[in-house]
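The values are calculated or read from the model by the stated rules, or taken from the named source; none is laboratory data. A quick note: this is a predicted structure, and the numbers were derived from the prediction, not measured. For neighbour counting, all protein chains shown are included, and Cβ atoms are generated from backbone atoms with ideal geometry for every residue, glycine included. Quick note on the areas: whole protein, heavy atoms, side chains included, nothing else; ligands and nucleic acids left out. Shrake-Rupley method; radii C 1.70, N 1.55, O 1.52, S 1.80 Å.
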Amino acid sequence: MWRFEGGGFKQEAFSLPEEERFLLVVNGKPWASFSYTPGDEVYLALGHLWLSGVLSGLEGVRWKVGEGVVAVDLPTDPEKGVGVRDSGCAAGLRYGEPRLVPLPTVSLDPEHPLRLMAQLRQNAVRYAQTRGIHGAALFDLAGRLLYLNEDIGRHNAVDRLAGYMLLEGVRPPVALAVTGRVSQEMAAKAIGMGAVLLVSRTGATAPAVSLARRYGLALAAYVRPTGYRLYAPGGMPVPEEILKP
């Protein structure tokens, strides 16, 4: 490749993000096709089904990974509704919505968003190499990093976190840090996973903020080493006089 700088071109070596496709098959029938970054396909497939409202647990669920295919067998045939295209790159279609319930009120340290984003930034190796990939990280409430992955699709990255929770038996409440924009779908996925804190390097949409406030999700965005914007307080200790409209 070449870089244009100082009025001229020069040769430069730069890594590119990987991209592949796999087909998710549910009970023998094609369900959805994914453009994704290779790795942890089972986490991605099961997390996608959980956050589409298809799975609530792993009882009676079996899966098999083949060449370009992840086959998942469920005890009963799920109903496949109208496809929804999420507002994210490589998101594909999902058929259903996460199951949302009000989140527990958990006291959160105001420094948490800074610490979580610092860990995501430090461990996002592929982003440092390519500058063209999304990252998502799962934490316990003590701020301990449980799992991090990077994908060309920001929804894929979060779905993998959900799949990791299912397969590794991680129970909510948890906290998430992501590099991408927090859309309504992204906030819903965080709530559906039982996350009480969602931290983003970039911004959030108005519907996402509304959803976060309705269900008690603390939503911090534009997180930088020196501070962040708190869109929804959740369990953050915001003074009452500031909370008043």
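Of the listed requirements (1) open to solvent by 10 Å² or more (accessible area, probe 1.4 Å); (2) under 15 Å from ASP140 (Cα atoms), THR226 misses just one: (2). Just wondering, is there one or more residues in the stretch 150-160 that are part of a strand (DSSP E or B), closer than 22 Å to ALA118 by Cα and not β-branched (Val, Ile, Thr)? Yes - at least one qualifying residue is present in the stretch 150-160. Open to solvent by less than 10 Å² (accessible area, probe 1.4 Å) and over 16 Å from PRO98 (Cβ atoms): is that true of ALA208 in this structure? For ALA208, the condition - open to solvent by less than 10 Å² (accessible area, probe 1.4 Å) and over 16 Å from PRO98 (Cβ atoms) - is not met.
Restricting to the stretch 45-62, give me the number of residues that are in a loop (DSSP other than H, G, I, E, B) and among the hydrophobic types (A, V, I, L, M, F, W, C). Walk me through how you get there before you give the answer.
Applying the first criterion (in a loop (DSSP other than H, G, I, E, B)) to the stretch 45-62 yields 51-61.
Filter once more, keeping what is among the hydrophobic types (A, V, I, L, M, F, W, C): 51, 54-55, 58, 61.
Total meeting the criteria: 5.
Of all residues in the stretch 63-75, those being open to solvent by 30 Å² or more (accessible area, probe 1.4 Å), at pLDDT 95 or above and under 25 Å from LEU100 (Cα atoms) number 1.
Part of a helix (DSSP H, G or I) and either open to solvent by less than 30 Å² (accessible area, probe 1.4 Å) or touching a strand residue (DSSP E or B) at 6+ places or on another chain (Cβ under 7 Å) (or both), is that true of ALA188? Against the criterion (part of a helix (DSSP H, G or I) and either open to solvent by less than 30 Å² (accessible area, probe 1.4 Å) or touching a strand residue (DSSP E or B) at 6+ places or on another chain (Cβ under 7 Å) (or both)), ALA188 qualifies. Once the stretch 132-181 is narrowed to residues that are touching a residue at least 24 places away in the same chain (Cβ under 8 Å) and basic (Lys, Arg), the residue that is farthest from VAL106 (Cα to Cα) is ARG154.
State whether the residues of the stretch 14-34 include one that is modelled with pLDDT under 85 and more than 21 Å from the chain's Cα centre (by Cα).
yes
Restricting attention to the stretch 43-61, and to residues there that are out of contact with any Phe, Trp or Tyr (no Cβ under 9 Å at 6 or more places or on another chain) and hydrophobic (A, V, I, L, M, F, W, C), which single residue is surrounded by the most Cβ atoms within 10 Å (Cβ to Cβ)? Among them, the one singled out is LEU51. When the stretch 119-132 is filtered for residues that are assigned to a helix (DSSP H, G or I) and surrounded by 14 or more Cβ atoms within 10 Å (Cβ to Cβ), the ones remaining, listed by number, are GLN119, LEU120, ARG121, ASN123, ARG126, TYR127, GLN129, THR130.
Yes or no: the stretch 110-117 includes at least one residue that is over 16 Å from the mean Cα position of the chain (by Cα), modelled with pLDDT under 90, closer than 30 Å to GLY234 by Cα and outside any strand (DSSP E or B).
Taking the stretch 110-117 and keeping what is over 16 Å from the mean Cα position of the chain (by Cα), we get 110-112, 114-115.
Cutting the leftovers down to modelled with pLDDT under 90 gives us none.
No, the stretch 110-117 contains no residue that is over 16 Å from the mean Cα position of the chain (by Cα), modelled with pLDDT under 90, closer than 30 Å to GLY234 by Cα and outside any strand (DSSP E or B).
Can you tell me which residue in the stretch 138-163 is nearest to the chain's Cα centre (by Cα), limited to those that are surrounded by fewer than 24 Cβ atoms within 10 Å (Cβ to Cβ), more than 17 Å from VAL125 (Cα to Cα) and not hydrophobic (A, V, I, L, M, F, W, C)? This residue is ASP140.
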